[in-house]
Amino acid sequence: MNQTQTKRVTVIAGDGVGPEVVNAARKIINATGIKLEWEDCEAGAEVFKKGFASGVPQDTIDSIHRNRVVLKGPLQTPVGFGEKSANVTLRKMFETYGNIRPVREMPNVPTPYVGQNVDVVVVRENVEDLYASIEHMQTPGVAQCLKLISHKGSEKIIRLAFEYARSQGRRLVHCASKANIMKLTEGLFKRVFEKVSPEYSDIEARHIIIDNCAHKLTMKPSDFDIIVTTNMNGDILSDLSSALVGGLGFAPSANIGNEVAMFEAVHGTAPDIAGQNIANPTALILSAVMMLQHIGEFEAASAIENALFVTMEEGKCLTGDVVGSKGATTDAFTGAVIDNLGKKSKHVPEREFKPMQLPDVSRHPVSVFPEKRSVIGADIFIEDDCTAGELGESLKALTVGMPLLLKMISNRGTQVFPLTDNLTDCVDHWRCRFLLDEKMTDEQADVVITDFLIRLRGKHHWMHVEKLPLIDGENGFTKAQGED
Ligand code: NAI
C-alpha cells in the first residue's frame with residue numbers, strides 16, 4: 001500500500017443509517033493500512049435542530065474547503081419549507097457539477113439480469129436543467145419551471161464523461177438526450193457532445209434518444225458502457241440502472257467539481273432500518289472505493305473492491321436486503337470484507353485505473369461568442385380568459401401605428417391564432433409572438449417593446465417577456481406547433 005503521504009478526508013456520517021454505513025467503509029479503509037486522516041464533520045438533521053437553515057455549519061464548509069475530498073452518509077431532507085436540503089446546499093456550494101453513478105453486477109445478488117455482466121456508468125449533469133429551481137406561477141393556474149442548459153455546463157460534463165472513460169479504460173460513451181423535442185436545450189447538449197467527442201477518438205461516441213435509452217437499458221444493459229446526460233434524465237436513468245444490479249444498496253456515487261469531490265451512496269437515510277445494525281454498507285463501501293481512486297490510492301481501492309466481491313461470492317455473510325430476515329448484521333458484513341482483504345475475486349474481472357484528468361474549462365461566465373446577433377421580436381406572455389380570436393384581434397388593433405407585427409399566438413405550444421382547425425384546449429396563458437421591423441437596432445427594439453408593454457397595460461395582463469434573438473443567422477427560439 002501507499003505509505004508515503006497522509007491524505008485528509010472530511011467525513012460526514014449523516015442521518016439514519018448514515019453513521020452505520022460510513023463507519024463500515026471507514027473501518028475497511030483503515031484496515032488496508034493506507035494513511036488517511038479523517039476529519040469528522042456534521043451536516044443534516046442535528047444541524048437543522050441547532051438552527052442552521054442550510055443544514056451545513058461553517059466548520060463543515062471550512063473543512064471541505066481545506067480537504068477537498070468528502071466521504072458522506074445520507075442526510076435527511078427537512079419536510080418544512082423553511083429549511084433547504086443540506087444535500088442540495090453542499091452540491092451547489094461546491095459546484096459539484098458531475099454526478100457519476102456506476103452500477104455493476106454483484107455476485108449472489110438475485111436480479112433478472114444475472115449473468116449479463118451489467119457494468120454501466122451514468123454521468124449526470126448535477127447543477128443545471130430543471131434543477132436550477134427557477135419556477136414561477138405565471139398565472140394562478142399555470143406554473144413554469146425554466147430548463148437551463150448552458151454550452152459551458154454541457155461541455156464540462158461531457159468532457160468529464162470522456163475523461164472518466166479514459167481513466168477506466170472504457171470504450172463507449174452514449175449521449176442520451178431529448179434533442180428531437182427540445183431542440184434548443186437538449187439539442188445544445190447533443191451539439192456540444194458532437195463537437196467534443198472527436199477529441200476523444202480512442203472512445204466510441206453515440207447519441208441515443210433518452211426514452212429509447214431507458215428501453216434498451218432495460219432490455220439489454222450490456223450494450224451500454226458510459227451514458228452522459230442532462231440532470232433530470234440522469235436522475236431517472238441512474239435510479240433505473242441501480243435497479244438492474246439489485247437496488248439502492250449497491251449504488252455508489254461521486255459528486256465531482258473542479259475543487260471538491262464528494263462520495264456517497266445513492267440511497268437515503270433508510271429510517272425504517274436505522275440504528276438496527278442491518279443496513280447494507282455496500283453502496284457506501286463502493287463510494288469509498290471511488291474516493292480512493294480519485295485520490296490516487298488505486299491499490300487500496302482495488303483491494304477493497306476485490307474483498308467486497310469475494311465476500312459477496314462466498315455468500316455466507318450477506319445483509320437482509322439480499323437474503324431476507326436471516327441476513328447478517330452490518331458489522332458482520334464489514335468484518336467479512338476486512339477478513340477478505342488481499343483475496344482476489346474469481347468472477348469479477350479487475351479494471352485498470354489511471355488518474356482522471358478533470359476538464360479544464362474557463363472560469364469566465366461566457367463561453368460562446370457569436371459573430372453577429374440581433375433581436376428580431378418578442379414573445380409576450382399574457383394572462384387572459386378570452387378566446388384566441390378575441391385576443392388576436394385586440395392585440396392586432398393595439399399594434400396599429402407601431403413597428404410591430406403580431407405573428408401568431410400559441411397556447412401551451414400550439415398555434416391558435418391566426419385561427420386553426422386544431423382542437424386545442426386552451427388555458428389562460430397565451431404566448432403572443434411579435435416581430436419587429438428588420439432594420440431596427442437592439443436599442444430601438446427595447447424602446448418599441450417597452451412602449452408596447454405600456455400600451456398593453458389596462459387592456460391585457462402581461463406577466464413575462466422573452467426577446468427573440470437571431471444568432472449568427474439562426475433563430476434563437478423555436479416555432480410553435482403549427483407555426484409557419
Ligand atoms: P431511502 O433510500 O432512505 O430508503 C428506501 C428503501 O431502501 C427503504 O426501504 C430502506 O430501508 C431501503 N434502503 C436504503 N438504503 C439501504 C441500505 N443501505 N441497506 C438496506 N436497505 C436500504 O429513501 P427514502 O425513504 O425515500 O428517503 C429517506 C430520507 O433520506 C429522506 O429524508 C430523503 O430526503 C433522504 N435522502 C437522502 C439522500 C442523500 O443524502 N444523498 C438520498 C436520498 C434520500
Subject >> Accessible area per residue in Å² at 1.4 Å probe, computed on the chain >> reply: 47 Å²
Original post:
Hey, what do the phi angles of the range 308-314 turn into as Karplus ³J(HN,Hα) couplings, whole Hz, using 6.51/-1.76/1.60 and θ = phi - 60°, x for Gly and Pro?
Top reply: 5, 4, 4, 4, 5, 4, 4
**OP:** Amide H neighbours of R373 under 5 Å, at least 5 residues apart or on other chains, H built in the peptide plane: list them.
**Re:** D472
**OP:** With an 8 Å cut-off on Cα pairs and a minimum separation of 6 or more residues, tell me the relative contact order of the chain in percent.
**Re:** 16 percent
Original post:
By average Cβ neighbour count within 10 Å, what is the ranking of 58-68, 115-125 from highest down?
Top reply: 115-125, 58-68
Subject >> Antiparallel content of DSSP bridges confined to the chain, in %, to 5 >> reply: 65 percent
Original post:
Relative contact order (percent) for the range 119-243, with alpha-carbon contacts under 8 angstrom and 6 or more residues of separation?
Top reply: 39 percent
**OP:** Take the Cα gyration tensor of the range 217-317, multiply each eigenvalue by 5, square-root it, and list the three semi-axes largest first, rounded to whole angstrom.
**Re:** 22, 19, 17
Original post:
Given H placed 1.01 Å from N in the peptide plane, which residues other than close sequence neighbours of H207 have an amide H under 5 Å from its amide H?
Top reply: C175
**OP:** Could you tell me how many degrees, from 0 to 90 and to the nearest 10, lie between the Cα long axis of helix 210-219 and the main elongation axis, the longest principal axis, of the Cα atoms of the chain?
**Re:** 30 degrees
Original post:
Counting only Cα, what are the radius of gyration and maximum Cα-Cα distance Dmax of the range 42-81, in Å?
Top reply: 10.8, 32
Original post:
Please identify the GluC sites (Glu not before Pro) of the range 307-368 that satisfy two criteria: DSSP loop assignment and at most 16 other Cβ atoms within 10 Å. Which are they?
Top reply: E350, E352
Subject >> Filter on K27/K344; K183/K216; K156/K344; K49/K72; K50/K72; K92/K190 - keep pairs with C-alpha separation over 30 Å >> reply: K156/K344
**OP:** Report the full-extension gain for the segment R66 to I454: residue separation times 0.36 nm, less the Cα-Cα distance, to one decimal in nm.
**Re:** 134.4 nm
**OP:** Give the value in nm², to one decimal: projected area of the alpha carbon convex hull of the chain, averaged over all directions.
**Re:** 26.5 nm²
Subject >> the range 389-484, dipole about Cα centre (Lys/Arg Cβ +1, Asp/Glu Cβ -1), debye to the nearest 20 >> reply: 300 debye
Original post:
Carbon and sulfur: what percent of the chain's accessible surface (1.4 Å probe)?
Top reply: 53 percent
Subject >> For the range 373-475, the fraction of alpha-carbon pairs in successive 10 Å shells from zero, as % >> reply: 15, 49, 29, 6
Original post:
Of the listed peptides 157-167, 183-193, what is their order by residue-averaged count of other C-beta atoms within 10 Å, with the highest listed first?
Top reply: 157-167, 183-193
Original post:
Percent relative contact order of the range 117-184, based on C-alpha pairs within less than 8 angstrom and at least six residues apart?
Top reply: 24 percent
Original post:
For the range 140-199, what D do you get in µm² per second when you plug the Kirkwood radius from alpha-carbon pairs into Stokes-Einstein at 37 °C and 0.692 mPa s?
Top reply: 256 µm²/s
Original post:
Helix 18-32 versus the longest principal axis of the chain: what is the Cα-based angle in degrees, 0 to 90, to the nearest 10?
Top reply: 50 degrees
Subject >> Pairs of Cα atoms farther than 20 Å apart, the range 43-160, % >> reply: 61 percent
Subject >> More than 22 Å apart - percent of Cα-Cα pairs taken over the range 119-243 >> reply: 33 percent
**OP:** Please say if the range 310-394 is rounded, prolate or oblate, where rounded means a/c under 1.5 for a ≥ b ≥ c the square roots of the C-alpha gyration tensor eigenvalues, and otherwise the choice is prolate for a/b larger than b/c and oblate otherwise?
**Re:** oblate
Original post:
Mind checking which lysines have their C-alpha under 27 Å from K439, skipping anything on the same chain fewer than 8 residues away?
Top reply: K372, K396, K407, K467, K479
Original post:
Sequence-distant or interchain residues sharing an amide H contact under 5 Å with T77, placed H: which?
Top reply: none
Original post:
Each residue of the range 149-155 in order: what ³J(HN,Hα) in whole Hz does its phi give by Karplus 6.51 cos²θ - 1.76 cosθ + 1.60, θ = phi - 60°, with x for Gly and Pro?
Top reply: 10, 10, 4, 5, x, 5, 4
**OP:** Tabulate in residue order the Karplus-calculated ³J(HN,Hα) for the range 67-77, using 6.51 cos²θ - 1.76 cosθ + 1.60 with θ = phi - 60°, rounded to whole Hz; enter x for Gly and Pro.
**Re:** 8, 6, 10, 10, 10, 10, x, x, 10, 5, 8
Subject >> Per-peptide average of other Cβ atoms within 10 Å, ordering 438-449, 19-30 highest first >> reply: 19-30, 438-449
Subject >> Inter-label distance for N30 and E46, nm, one decimal - labels placed 7 Å from Cα along Cα-to-Cβ >> reply: 1.7 nm
**OP:** Let me have the 222 nm mean residue ellipticity of the chain computed from DSSP H runs of 4+ only, each contributing -39500 (n - 2.57), with the sum over all residues rounded to the nearest 500.
**Re:** -10500 deg cm²/dmol
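The values are calculated or read from the model by the stated rules, or taken from the named source; none is laboratory data. Just so we're clear, the structure is a prediction, and the values are computed from it rather than from any experiment. Cβ atoms come from the backbone with ideal geometry, glycine included; neighbour counts cover every protein chain shown. The area values use the complete protein model at the heavy-atom level, side chains included, leaving out ligands, DNA and RNA. Shrake-Rupley method; radii C 1.70, N 1.55, O 1.52, S 1.80 Å.
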